[in-house]
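Contents: one structure, followed by commentary.
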Amino acid sequence: MLHKAVVAFSLVSTLFLCSGSRAHADNDGDGISAPADCNDNDTTIYPGAPEIVGNEVDNDCNGGEVCYRDLDNDNYRTTMTVNSMDVPCTASGEARDFEPAGDCNDSNASINPAAFETPGDSIDQDCNGQETCYTDLDDDNYRTGMVMSSSDLDCLDAGEGQASAPPGDCNDNDASVNPGVTEICTDSADNNCNGSADCGDAFCGSHPACITTTTLGPTTTTTLPYGGLDHYKCYRVKDISSSRFDSREDVTLDNEHQSDTVDVKKPSMVCVPSDKNGEGIHDPVNHLCCYTIKSTKMDPPLQVQINDQFGSLELEASSSKTMCQPCTKSLLP
């Protein structure tokens with residue numbers, strides 16, 4: 001019995017170190033036991049183990065973690081890494097391994113694979129290595145609102161247009177058609193892309209192709225776009241006839257604003273067709289002869305907006321003092 005007791009004691013004593021403390025087992029068999037091994041149940045965790053980036057595990061037992069970098073905090077990481085003082089990779093500028101990669105500009109949160117691509121700005125917002133450009137298929141430096149994909153970022157290749165290029169090309173297959181050209185008044189095309197072609201364009205108002213002349217008996221009428229009138233220069237006149245003008249009473253004048261009976265007193269002006277700023281004279285025969293009249297006032301006054309080559313004005317008409325009618329003119333000997 002004594003021999004058996006001694007053997008038992010000897011076996012137990014081998015479980016203790018010479019210091020008197022109990023030895024730690026290496027549970028995961030990685031060659032390092034606790035407490036040096038900070039997780040003795042995982043063979044991938046021990047001092048000196050390769051750190052797996054962004055898995056939020058301290059593989060090398062140094063108390064920290066190596067995280068992926070997301071400096072702009074847009075939830076898209078790069079392949080670059082940053083050392084973290086703790087294990088969770090959730091601090092500012094850090095990213096975990098399962099977060100989407102591919103951020104091509106980690107200093108701008110508006111640039112990542114999920115971003116909307118802004119056309120023609122030479123920036124790859126969605127990080128696909130390409131740019132979305134406006135189309136300028138005829139390369140006339142006027143773009144359309146259509147877009148196309150480019151293999152580079154500058155939008156300067158054939159058929160491409162930058163956002164800074166003027167828009168409004170209404171025919172991107174014809175370099176002679178864009179908002180910068182002069183309207184051709186006889187080709188049935190909207191050359192300058194303003195929505196009007198030929199005589200419908202204000203530029204063509206004085207073009208011979210846009211003037212029609214109709215003869216009715218002894219009267220020749222010239223019709224022009226936008227009202228069909230020449231410009232006139234009006235002169236004050238006095239009656240020097242041997243038989244002076246006899247006033248006319250009860251002359252009826254009807255228009256869209258007023259129906260009135262007036263007394264025509266005397267001639268006051270002669271208005272002569274005139275060439276304003278080189279726009280030409282379309283009907284040199286017909287003039288305007290104007291007479292002083294006595295008329296009733298407009299009550300209430302008529303408020304109107306006028307539009308002409310000088311711009312737009314708002315006017316108030318309260319009374320009429322002059323009546324003008326077509327006339328012809330010849331010089332006295």
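The values are calculated or read from the model by the stated rules, or taken from the named source; none is laboratory data. On a predicted model such as this, the values are computed, not experimentally measured, just so you know. Glycine also receives a Cβ, built like all others from the backbone with ideal geometry; neighbour counts cover every protein chain displayed.
Please enumerate the residues belonging to the range 79-104 that are within 19 Å of residue 126 (Cβ to Cβ) and buried (at least 19 other Cβ atoms within 10 Å of the Cβ). Give the steps one after another, and end with the answer.
The first filter runs over the range 79-104 and keeps only residues within 19 Å of residue 126 (Cβ to Cβ), leaving 79, 95, 99-104.
Correct list: 95, 103.
Against the condition touching a strand residue (DSSP E or B) at 6+ places or on another chain (Cβ under 9 Å), of a type in the set (D, E, K, R) and closer than 30 Å to residue 201 by Cα, how does residue 106 come out, does it pass?
no
Looking at (1) surrounded by fewer than 18 Cβ atoms within 10 Å (Cβ to Cβ); (2) at pLDDT below 95, which is the one condition that is false for residue 110?
Every listed condition holds for residue 110 apart from (2).
Testing residue 261 on (1) in contact with an Asp or Glu (Cβ under 7 Å, 6 or more places away or on another chain); (2) in contact (Cβ under 8 Å) with a residue 12 or more places away in the chain; (3) among the hydroxyl-bearing types (Ser, Thr, Tyr), one condition comes back false. Which one is that?
Only one criterion is unmet by residue 261, namely (2).
Consider the range 156-174. How many of its residues are among the polar types (S, T, N, Q), within 11 Å of residue 140 (Cα to Cα) and surrounded by 14 or more Cβ atoms within 10 Å (Cβ to Cβ)?
1
Take the conditions within 28 Å of residue 150 (Cα to Cα), touching a residue at least 24 places away in the same chain (Cβ under 8 Å) and not hydrophobic (A, V, I, L, M, F, W, C) and apply them to residue 108. Does it pass? Give the derivation first.
Values: within 28 Å of residue 150 (Cα to Cα): yes; touching a residue at least 24 places away in the same chain (Cβ under 8 Å): yes; not hydrophobic (A, V, I, L, M, F, W, C): yes.
Here the answer is yes, as residue 108 does meet what is asked.
For the structure I just gave you, tell me whether residue 97 is of a type in the set (D, E, K, R) and either in contact with a Gly (Cβ under 9 Å, 6 or more places away or on another chain) or at pLDDT below 95 (or both). Step through it out loud before you land on a result.
Numbers: of a type in the set (D, E, K, R): yes; either in contact with a Gly (Cβ under 9 Å, 6 or more places away or on another chain) or at pLDDT below 95 (or both): yes.
Judged against the criteria, residue 97 is a match.
Name the residues in the range 254-279 that are small (Gly, Ala, Ser) and either more than 48 Å from the chain's Cα centre (by Cα) or surrounded by 15 or more Cβ atoms within 10 Å (Cβ to Cβ) (or both), would you? Spell out how you get there, then give the answer.
In the first step, residues of the range 254-279 are kept if they are small (Gly, Ala, Ser); the result is 259, 268, 274, 278.
Of everything in the range 254-279, those that are small (Gly, Ala, Ser) and either more than 48 Å from the chain's Cα centre (by Cα) or surrounded by 15 or more Cβ atoms within 10 Å (Cβ to Cβ) (or both) turn out to be 259, 268.
Of all residues in the range 300-322, how many are assigned to a strand (DSSP E or B), over 27 Å from residue 205 (Cα atoms) and either in contact with a helix residue (DSSP H, G or I) (Cβ under 9 Å, 6 or more places away or on another chain) or not β-branched (Val, Ile, Thr) (or both)? Lay out the reasoning, then the answer.
Initial filter on the range 300-322 (assigned to a strand (DSSP E or B)): 302-308, 311-317, 322.
Retained after the next criterion (residues that are over 27 Å from residue 205 (Cα atoms)): 302-303, 316-317, 322.
Applying the additional criterion that residues be either in contact with a helix residue (DSSP H, G or I) (Cβ under 9 Å, 6 or more places away or on another chain) or not β-branched (Val, Ile, Thr) (or both) yields 302-303, 316-317.
Final tally of qualifying residues: 4.
Answer yes or no: is there a residue in the range 221-230 that is assigned to a loop (DSSP other than H, G, I, E, B), in contact with a strand residue (DSSP E or B) (Cβ under 8 Å, 6 or more places away or on another chain) and farther than 30 Å from residue 197 by Cα.
Scanning the range 221-230 turns up no residue that is assigned to a loop (DSSP other than H, G, I, E, B), in contact with a strand residue (DSSP E or B) (Cβ under 8 Å, 6 or more places away or on another chain) and farther than 30 Å from residue 197 by Cα.
Of all residues in the range 182-195 being surrounded by 15 or more Cβ atoms within 10 Å (Cβ to Cβ) and not charged (D, E, K, R), which is nearest to residue 144 (Cα to Cα)?
193
Check whether at least one residue in the range 28-51 is in a loop (DSSP other than H, G, I, E, B) and touching a residue at least 40 places away in the same chain (Cβ under 8 Å), and report yes or no. Before the answer, list the steps.
Residues of the range 28-51 in a loop (DSSP other than H, G, I, E, B): 28-51.
Checking which are touching a residue at least 40 places away in the same chain (Cβ under 8 Å) leaves us with none.
Scanning the range 28-51 turns up no residue that is in a loop (DSSP other than H, G, I, E, B) and touching a residue at least 40 places away in the same chain (Cβ under 8 Å).
For residue 326, state whether it is under 30 Å from residue 185 (Cβ atoms), at pLDDT 90 or above and not polar (S, T, N, Q). Walk me through how you get there before you give the answer.
Details: under 30 Å from residue 185 (Cβ atoms): yes; at pLDDT 90 or above: yes; not polar (S, T, N, Q): yes.
Criteria met by residue 326.
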